[in-house]
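Accompanying notes for the structure given below.
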Amino acid sequence: MSLKFKHTILLVDDEEAILKALQRLFRRDGYRILTAASGQEGLEVLREHGKPVSLIISDQQMPGMNGAQFLEKARAIYPDAMRFLLTGYSDMDAIVEAVNKGEIHRYLTKPWNDEDLPLQVRQALEQFELVVENRRLSALTRRQNRELADLNRDLERKVEERTREVQEKNKELSRLNRELEASLYDTVRAFASLAEMHAATLAGHNQRVSALAKEIASAFGLSEREVVSVETAALLHDIGKLGLNERILRYDTVRWGEEDRKAYRKHPEEGQAVVQFIKRLDHVGLLIRSHHERYDGKGFPDGLKEESIPLGSQIIAAADAYDRIVHLRVKAKVHVEAYLRAKGITLDHLPEEELLQQAAIHHLDQNRGTRYDPEVVQAFVGILKERGVQYRTERSVPLELLEEGMVLATSLFTKRGKFLLPYNTKLTEEHLNKLRVIHENDPLPEIYINP
Ligand SMILES: [Fe+2]
């Protein structure tokens, strides 16, 4: 192993001849040699030299400070420097003590062997290099560990920051999305309300079918999104009837001509056409298209059968049939008679509305597996029976008692029939102020609020 550094060796002896002899011996190895004639001078050289000294060789027998004492002090100045004590045989006690105290690494006896001494010096310098290298590597490792810890901390902080940023953005996005969705459904409700205006006979029908369909869809465990689709499709299911004449809208089927029948059968497709270009409503369009399909495949427009009919459409079909009998009273007499006949009686003591409800349930039950999906009927009838068929729970509130945050149960029109707000609108301070102004000129009728 060759030495890596240019080493400095300090020689301390009061005999100049010895200093000279050692100097000669080491010079050929290329070391930088410093000399001192006493321990005191040796310490001064160490303090003044400035550069590290790798090896100190000191004579033991010197006036004033002896070699062991000097090396002990030198150790305090250069702890890493190798220390050799040069001594005669008579100084054994001093040597043993110095070795034991760890102040010297080696002792040399006078006279020394010119072959051995350079070798011993060289070995000592190799050891010195190892110590220095070891210290350097330890310091490097410590520094790198510190840097690594700093980097890790920095990275963790950055990751936290990024995560926070992404979470904030996500929150903002979902808020925007909710707003967008809410405004879309506001528009849909306004749209549905306007459609009802067109035909007084249909008033409230879409809303009621929508409320029922939503409940049935929820009972099927559909996702929130799917439930909203069914609810929206139900609200718009007859939008394709806009423009049809009163005769068709009143289900005055006896007076229907061939043209009327054809026009009526087209309304599911017309309805789909109305919404199909609204991006977020395209799936709603499909549900609208199939709301007159029958479970047995005899419906229209596509003659779809059983499971090939979308579940949402089957749900709307059942809710639509129920509301047509109970509230629109389409063929009410026929349905009531069928119900009474099935019960084996000619008259029922039930109030009219309840009688119609029972007749509607009977109709659904009788047509499960033909017109209607048996599972949908089962879920629907279950819901109706569970709450005694009552599902209108809105209350009427006078204008002066309306408050911010109340939700309209029905669409709001003035008494003269001017459309103001769709149902399900959450009233704001601005709404209330406008309604009060409108009421002065064009009075408002009763206002229904959700419980
Ligand atoms: Fe319809």
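Among the residues of the range 221-245, those identified as in a loop (DSSP other than H, G, I, E, B), more than 15 Å from the ligand (Cβ to nearest atom) and at negative phi are Leu222, Ser223, Asn245.
Between Ala318, Ala338, the distinction of being within 14 Å of the ligand (Cβ to nearest atom), in a helix (DSSP H, G or I), hydrophobic (A, V, I, L, M, F, W, C) and surrounded by 14 or more Cβ atoms within 10 Å (Cβ to Cβ) belongs to Ala318 only. Regarding Asn134, is this residue surrounded by 10 or more Cβ atoms within 10 Å (Cβ to Cβ) and assigned to a loop (DSSP other than H, G, I, E, B)? No. Scanning the range 71-103 for residues that are at pLDDT below 85, among the hydrophobic types (A, V, I, L, M, F, W, C) and crowded, with 18+ Cβ neighbours inside 10 Å yields Ala94, Ile95, Ala98. Counting residues in the range 211-219 that are away from the ligand (no atom under 16 Å from the Cβ) and over 22 Å from Tyr423 (Cα atoms) gives one or more. Checked against the criterion of being in a helix (DSSP H, G or I) and either surrounded by fewer than 16 Cβ atoms within 10 Å (Cβ to Cβ) or within 12 Å of the ligand (Cβ to nearest atom) (or both), the candidates Val284, Val254 yield just one match: Val254. Search the range 257-281 for residues being away from the ligand (no atom under 11 Å from the Cβ) and among the small types (Gly, Ala, Ser), and hand back the single one that is modelled with the lowest pLDDT. Of everything passing the filter in the range 257-281, Gly257 is modelled with the lowest pLDDT.
The requirement of being part of a helix (DSSP H, G or I) and more than 60 Å from the chain's Cα centre (by Cα) is not satisfied by Phe84.
Pairs meeting the criteria (first residue in the range 273-290 and polar (S, T, N, Q), second residue assigned to a helix (DSSP H, G or I), beta carbons under 8 Å, at least 6 apart or on different chains) are Gln276/Asp282; Gln276/Gly285; Ser290/Pro268; Ser290/Ser313. If you check Gly64, Gly42 for being among the small types (Gly, Ala, Ser), in contact (Cβ under 8 Å) with a residue 24 or more places away in the chain, under 25 Å from Asn100 (Cα atoms) and surrounded by fewer than 17 Cβ atoms within 10 Å (Cβ to Cβ), only one passes: Gly64.
The values are calculated or read from the model by the stated rules, or taken from the named source; none is laboratory data. This is a predicted model, so every value here is computed, not measured. Cβ sites come from the backbone with ideal geometry, for glycine too, and all protein chains shown count toward neighbours.
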